[in-house]
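One structure is given below, encoded as structure tokens.
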Amino acid sequence: MAHAAPKPVPAAESLPDFDEFYSANYLRLTVQIYAYLGDQHEAQDLVQEAFCRAFSRWKTVSEYAEPLAWVRRVAWNLATSRFRKQKTAVNFLRKQREEHVEGPSPDRVALTRALSQIPEHHRRAVVLYYLGQLSVTEIALQEGVAEGTVKSWLSRGRAALGNQLTGQRGGDDA
């Protein structure tokens, strides 16, 4: 299989000057992209990216009949891609429902405060049993203790909670 002879590369002097090309076209292309996106900084970034891509391929792009058409197409493709991503993000956010959660009730605050005052094992057993809805057997397996120990923790935890809650209420009413 014969290889094609490499295409002659024009001498650097014969290439159109990229700096002049950039200076002559940057502003008007930015205005177009800005009008499309509605964000000047975004438009500037995308046009810069398009010109960077042209610069890295300047030997090829400069030989096109209309190098600006290539840069414009790249900029518009980038803008369209960015526009689609933004539209997708906006649509996603629009579908999200903002949930307003009320603060904890006074009873919940009192319970949380009371739970924080009882021993850790008792607190964990009470929370797992009443809030986590685990059985005594499941708690015993999770904690690696006998079921009798869990029953003891629950009994002592309930008693301690009762003392904490009645003590708090009595203190608040006085």
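The values are calculated or read from the model by the stated rules, or taken from the named source; none is laboratory data. As the structure is a prediction and not an experimental result, all values here were calculated from the model. Because the Cβ atoms are built from the backbone with ideal geometry, glycine has one as well, and the counts that use them run over all protein chains shown. The area values use the complete protein model at the heavy-atom level, side chains included, leaving out ligands, DNA and RNA. Shrake-Rupley method; radii C 1.70, N 1.55, O 1.52, S 1.80 Å.
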Report task. Whenever you get a sec, compute what percent of the accessible area on the range 43-174 sits on carbon and sulfur atoms (1.4 Å probe). Result -> 51
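Using a 1.4 angstrom probe, figure out how much accessible area the chain has per residue, in square angstrom, rounded to the nearest whole.
On the way: 12790 Å² over 174 residues.
It amounts to 74 Å² per residue over the chain.
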Requested in this report: Assign one of three labels to the chain, namely rounded, prolate or oblate, based on the Cα gyration tensor with a ≥ b ≥ c the square roots of its eigenvalues; rounded applies when a/c is under 1.5, prolate when it is not and a/b is larger than b/c, and oblate otherwise.
Outcome: prolate
Report summary line: Under a 1.4 Å probe, counting only protein heavy atoms, SER135 has an accessible area in Å², nearest 10, of 50
Requested in this report: Quick one, could you list the DSSP H helices from the chain stretching 27 Å or more along their long axis (Cα atoms) with average Kyte-Doolittle hydropathy of -1.0 or above?
Outcome: 67-95, 147-173
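Only Cα pairs under 8 Å and at least 6 apart count here; give the relative contact order of the chain as a rounded whole percent.
The value is 15 percent.
Which of the trypsin sites (Lys or Arg not before Pro) found in the range 48-123 are loop residues per DSSP with 16 or fewer other Cβ atoms within 10 Å of their Cβ?
Numbers: sites: ARG53, ARG57, LYS59, ARG72, ARG73, ARG82, ARG84, LYS85, LYS87, ARG94, LYS95, ARG97, ARG108, ARG113, ARG123; in loops: ARG57, ARG97.
Sites meeting the loop and neighbour criteria: ARG57, ARG97.
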**Report entry** Sequence-distant aspartates and glutamates (8 or more away, or on other chains) whose Cα lies within less than 13 Å of LYS59
**Finding:** GLU13, ASP17
Query - Area of THR88 that stays accessible when all protein chains are in place (1.4 Å probe, Å², to 10) - result: 90
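Can you compute the charge dipole magnitude of the chain about its Cα centre, using +1 on each Lys and Arg Cβ and -1 on each Asp and Glu Cβ, nothing else charged? Give it in debye, rounded to the nearest 20.
Details: 22 positive and 20 negative charges, 108 e Å.
Around 520 debye, computed over the chain.
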Report task. Quick one: dipole size for the range 78-174, taken about the Cα centre, charges +1 on Lys/Arg Cβ and -1 on Asp/Glu Cβ, in debye to the nearest 20. Result -> 860
